[in-house]
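Okay, structure first, notes after.
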Amino acid sequence: MPEVTVYDGDGNARGSVALSEAVFGVTPNLALLHQAVVRQLADARRGTHDTKGRGEVSGSTRKMWRQKGTGRARQGSKRAPHWRHGGVVFGPHPRSYRQDLPKKMRAGAIRSALAAKAAAGELVVVQELAFDRPDTKAMRRLLSRVAPAGSRLLVLDAPQPAVRLSARNLPRVHTITTENINVYDLLRHERVVMSLGAVRVLEARYGGEMAESAAPVAESAAPVAESAATPATIAPPQARAEEGEGSAAAAEAPGAAEMEKGASPDA
């Protein structure tokens with residue numbers, strides 16, 4: 001089970017905390033991370049690009065000159081693509097770049113990103129990220145102690161305007177909450193600074209899915225084991241004897257019917 005150092009609001013180490021193995025201890029899936037990042041960047045595209053074809057540009061549709069007798073190449077319209085101010089061939093048009101990613105794959109990508117940060121030692125946990133009022137100097141002092149260099153991502157368990165305003169003017173510092181955590185922000189920042197409450201929220205959200213997915217399997221296996229453990233019911237000797245007499249009488253019945261059918265009418 002992975003462990004990280006916990007810091008207080010002043011940047012002093014106050015011990016360590018154990019992280020969930022189901023969230024911060026999984027093996028990162030690089031292919032899934034790549035797919036999640038590509039999907040997120042594609043969804044961010046607006047897709048409003050557009051070009052005009054030969055039917056949309058302004059210009060006359062009159063034939064440039066007569067077809068034959070001029071010695072020049074035949075031309076049909078001034079709006080053709082090879083003319084100046086003509087239309088664009090195969091140009092981009094407005095479309096959606098949205099890509100779909102199943103919910104379980106999105107959760108798996110988040111787990112892979114968190115586990116990669118924890119394994120690389122780029123995850124920092126603070127007991128509480130809270131300010132009574134915006135204080136950029138206090139935020140700079142805290143980050144200089146717990147994450148002194150590189151770009152930093154602050155992850156909060158709930159919106160805190162004072163913390164967001166304190167970090168807004170600091171270069172290469174970005175603040176989000178657990179509600180809008182995403183793979184791209186986790187991977188593009190060198191250090192991830194989380195409050196202890198944010199860690200517990202992420203563990204409850206992404207660590208419980210594995211237990212829920214495994215629960216139906218255990219429940220479906222229970223009836224099989226119960227049926228296998230139940231002994232077979234054995235009939236008492238008297239009931240077996242009565243059953244045997246009944247089957248013998250049924251076997252003799254067809255032969256008696258044939259004998260009666262074969263008897264002569266005179267008899």
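Got a sec? Which of M139, M105 is under 21 Å from the mean Cα position of the chain (by Cα) and more than 17 Å from S16 (Cβ to Cβ)?
Of the residues listed, the single one that is under 21 Å from the mean Cα position of the chain (by Cα) and more than 17 Å from S16 (Cβ to Cβ) is M105.
So that you can scan it fast, the table gives a plain yes or no per residue for (1) part of a loop (DSSP other than H, G, I, E, B); (2) exposed (fewer than 12 other Cβ atoms within 10 Å of the Cβ); (3) not polar (S, T, N, Q):
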{"position": "A42", "(1), (2), (3)": "no, no, yes"}
{"position": "R62", "(1), (2), (3)": "yes, yes, yes"}
{"position": "Q67", "(1), (2), (3)": "yes, yes, no"}
{"position": "T70", "(1), (2), (3)": "yes, yes, no"}
{"position": "A73", "(1), (2), (3)": "yes, yes, yes"}
{"position": "V89", "(1), (2), (3)": "yes, yes, yes"}
{"position": "S96", "(1), (2), (3)": "yes, yes, no"}
{"position": "R133", "(1), (2), (3)": "yes, yes, yes"}
{"position": "L143", "(1), (2), (3)": "no, no, yes"}
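Considering only residues of the range 22-40 that are of a type in the set (S, T, N, Q) and not in a loop (DSSP other than H, G, I, E, B), which is nearest to A109 (Cα to Cα)?
Filtering the range 22-40 for residues that are of a type in the set (S, T, N, Q) and not in a loop (DSSP other than H, G, I, E, B), the one nearest to A109 (Cα to Cα) comes out as Q35.
Give the range 182-198 a look and list any residue that's among the polar types (S, T, N, Q) and either closer than 13 Å to A158 by Cβ or part of a helix (DSSP H, G or I) (or both), or say none.
Correct list: S195 only.
Filter the range 102-126 down to the residues that are among the aliphatic types (A, V, I, L, M) and surrounded by fewer than 17 Cβ atoms within 10 Å (Cβ to Cβ), then identify the one that is nearest to P28 (Cα to Cα).
The residue in question is A119.
What are the residues in the range 1-35 that are surrounded by 12 or more Cβ atoms within 10 Å (Cβ to Cβ) and among the aliphatic types (A, V, I, L, M), if any?
Across the range 1-35, the qualifying residues are V4, V6, V17, L19, A22, V23, V26, L32, L33.
Going by what's in this entry, would Y206 be described as among the hydroxyl-bearing types (S, T, Y) and at pLDDT below 95?
Spelling it out, Y206 is indeed among the hydroxyl-bearing types (S, T, Y) and at pLDDT below 95.
Inspect all residues belonging to the range 107-121 and state whether any of them is touching a residue at least 40 places away in the same chain (Cβ under 8 Å) and among the basic types (K, R).
Yes - at least one qualifying residue is present in the range 107-121.
Given the criterion closer than 21 Å to Q40 by Cβ, out of contact with any Ser or Thr (no Cβ under 9 Å at 6 or more places or on another chain) and crowded, with 21+ Cβ neighbours inside 10 Å, identify the matching residue among I181, I176.
Residue meeting the stated conditions: I181.
Report every pair of residues separated by at least 6 positions or lying on different chains whose Cβ atoms are under 9 Å apart, first residue within the range 11-29 and in contact (Cβ under 8 Å) with a residue 60 or more places away in the chain, second part of a loop (DSSP other than H, G, I, E, B) and among the hydrophobic types (A, V, I, L, M, F, W, C).
Pairs that qualify, where the first residue is in contact (Cβ under 8 Å) with a residue 60 or more places away in the chain and the partner is part of a loop (DSSP other than H, G, I, E, B) and among the hydrophobic types (A, V, I, L, M, F, W, C), are L19/M1; S20/M1; F24/M1; G25/M1; G25/L19.
If we scan the range 145-165, do we find a residue that is of a type in the set (S, T, N, Q) and either part of a helix (DSSP H, G or I) or crowded, with 19+ Cβ neighbours inside 10 Å (or both)?
No, that holds for no residue.
Return the pair list, or none, for Cβ contacts closer than 9 Å from residues in the range 131-143 that are in contact (Cβ under 8 Å) with a residue 40 or more places away in the chain to residues that are of a type in the set (S, T, Y) and outside any loop (DSSP other than H, G, I, E, B), at least 6 apart or on different chains.
As it stands, the answer is L142/Y7, since those pairs meet every condition given.
Sort out which residues of the range 31-58 are free of Cβ contacts under 8 Å to residues at least 60 places away in the same chain and within 21 Å of L186 (Cβ to Cβ), and write them in order of number.
A31, H34, A42, D43, A44, R45
Within the range 171-181, take every residue that is part of a loop (DSSP other than H, G, I, E, B) and touching a strand residue (DSSP E or B) at 6+ places or on another chain (Cβ under 8 Å) and give me the one that is nearest to G207 (Cα to Cα).
For the range 171-181, the residue satisfying everything is I181.
The values are calculated or read from the model by the stated rules, or taken from the named source; none is laboratory data. Worth saying up front: this structure is predicted, and the values here are computed from it rather than measured. Glycine also receives a Cβ, built like all others from the backbone with ideal geometry; neighbour counts cover every protein chain displayed.
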